[in-house]
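Here is the structure we will look at.
Laboratory data are not the source of any read-out in this text; all were calculated from the coordinates shown. These figures come from a predicted structure and were not determined experimentally. Note that each Cβ is placed from the backbone with ideal geometry, even for glycine, and that neighbours are counted across all protein chains shown.
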Ligand code: LLP
């Protein structure tokens, strides 16, 4: 469920975020612009937490995957409900801290953490570093000793199962770069227990993203349970089992993912009687349907042979998912329009054929100046945006009830140019 609904106004029905018509935000801030609903963010977090607690998991750590939506205001909205943060860079650690996420609720994942990043995270006091490879374990050990600390680590396992909506976002097969095998994990865990700079506290996995089938998760989680039991059988202590993120969301026209209740019930079943703290790293299921990208039609370009291009002022630099993963985003005019639907190729102004959001999409007839919203764009939308083609970085707005705030303003062209320096010889 989300809070983007039609609202009756003086000029007829129009699409709103909570109690704010999206057109009002477009007028005030300009387009393209991302708009997030606080109520949807809060609802998704709460639904997941209640489902997990209801399935018998006590005090789960729900570490929101900052990469999905890294705006500090979004993070703060979740942190206020008790969310932690799953981070993959020093920048994300800094964002989580700036949002008020307590360090003891921050989990540091990622395949290639640098020495400087590890040092920063340890000084900040993060809850756990998810170690993805043997050399990284040694690096964490060295850095922690240099700082006079003992780093809490979890070993990230690659459970070698097939999952995830698209090859580019599947992470749990052994040919992917993430994590170590089960036997490696057991060995590294035992080694870690003897290292002066680290303290092994858990094991972690994350098998992919936009997963719409519980079977691969169930398979991976069953194996993770087995690993915890084997580690304990060796007489080692283990406190935390991090099951990652990955639960899909109902993108319009796509396979319907399991509900948070079904996901939690499956975990409750697989983990029954296992006494550990569970951690989760959900990104998409919390943020995707809590955000839209609003854009304006620049013009309609009709080819004599019939192809119709809807040229809008958002482009692949603002929303990369269609170009990168052939992702489908529902497109809705902000004002419902009547008339026979027309097939459009919806494209942005960037000089690449890949800057095509969709082809032959049936939409009501639209014209220059009309506003449209890309739905389900709150995860991996603004977070993946860039200035490609020297387009200004897309702004972000957070709505709460009848209020809205610009939480990342659109930079000016002066801001863009001021970041650069002439070379002395030029
Ligand atoms: N934990 C780890 C270690 C991850 O690598 C990821 C996502 C997550 C958690 C969060 O997964 P989620 O719950 O959001 O599925 N840019 C792509 C998605 C890339 C996901 C990368 N890792 C997209 O737009 O579909």
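Bridges between two residues of the chain, per DSSP, are antiparallel at a rate of about 50%.
Between 244, 82, 378, the Gaussian network model of the chain with springs among Cα atoms under 10 angstrom shows the greatest mean-square fluctuation at 82. Only Cα sites of the chain enter the Debye sum here, all with the same form factor; the resulting log10 I(q)/I(0) across q = 0.09, 0.11, 0.12 1/Å is -0.60, -0.86, -0.99, listed in q order. The gain in end-to-end length when the residue 309 to residue 324 segment is fully stretched comes to 3.4 nm, 0.36 nm per residue minus the alpha carbon separation.
Taking the C-alpha atoms only, the angle from helix 134-146 to the longest principal axis of the chain is near 80 degrees. Helical content alone sets the calculated 222 nm signal of the chain at -8500 deg cm²/dmol, taking -39,500 (n - 2.57) per DSSP H segment of four or more residues and averaging over every residue.
Suppose R0 equals 51 Å. What FRET efficiency, 1/(1 + (r/R0)^6) with r the Cβ-Cβ distance, do residue 425 and residue 175 give to the nearest 0.05? So the FRET efficiency works out to roughly 0.65. Placing a pseudo-label 7 Å from each Cα along the Cα-to-Cβ vector at residue 275 and residue 337 gives an inter-label distance of 6.3 nm.
Which of 45, 413 has the fewest other C-beta atoms within 10 Å, and how do the rest follow up to the most? Kindly include the intermediate steps, with their values, before the conclusion.
Working: 45 23, 413 9.
If I rank by nearby Cβ atoms, fewest first, I get 413, 45.
Footprinting exposure proxy ranking of 44, 299, fewest other C-beta atoms within 10 angstrom first, gives 299, 44. Mean-square fluctuations from a GNM of the chain, with a 10 angstrom spring cutoff on Cα atoms, peak among 108, 182, 280 at 182. Counting only the backbone N, which residues of the range 178-201 are under 16 Å from the spot 7 Å out from the Cα of residue 233 toward its beta-carbon? The answer is 182-187, 190. Under the simplified labelling scheme, the residue 114-residue 8 pair shows an inter-label distance of 5.8 nm, with each label point 7 Å from Cα along Cα→Cβ. Taking a point 7 Å from the Cα of residue 415 along the Cα-to-Cβ direction, the residues of the range 1-42 with backbone N closer than 19 Å to it are 25-36. Listed from fewest to most Cβ neighbours within 10 Å, the set 329, 3 follows the order 3, 329. Using a simple spin-label model with pseudo-atoms 7 Å out from Cα toward Cβ, residue 253 and residue 187 lie 4.9 nm apart.
Looking at the square roots a ≥ b ≥ c of the eigenvalues of the Cα gyration tensor of the range 109-282, which shape do they give, rounded for a/c under 1.5, prolate if a/b is larger than b/c, or oblate? Taking the square roots of the gyration eigenvalues as a ≥ b ≥ c, the range 109-282 is prolate.
Antiparallel versus total DSSP beta bridges in the range 109-282: what percent is that, nearest 5? Display every interim value, and only then the final one.
Numbers: 1 of 18 bridges.
Antiparallel: roughly 5 percent of the beta bridges in the range 109-282.
Extent along the principal axes, Cα only, for the range 277-426: 57, 54, 32 Å, with the longest axis given first.
Peptides 50-61, 380-391, ordered by how many other C-beta atoms sit within 10 Å of their residues on average, highest first, read 380-391, 50-61. For a quick check, take a GNM of the chain with Cα springs below 10 Å and name the residue from 138, 301, 206 with the largest mean-square fluctuation. Ranking 138, 301, 206 by mean-square fluctuation puts 301 first. When the square roots of the Cα gyration tensor eigenvalues are ordered a ≥ b ≥ c, the ratio a/c for the range 1-112 is 1.5 or more and a/b does not exceed b/c, which makes its shape oblate.
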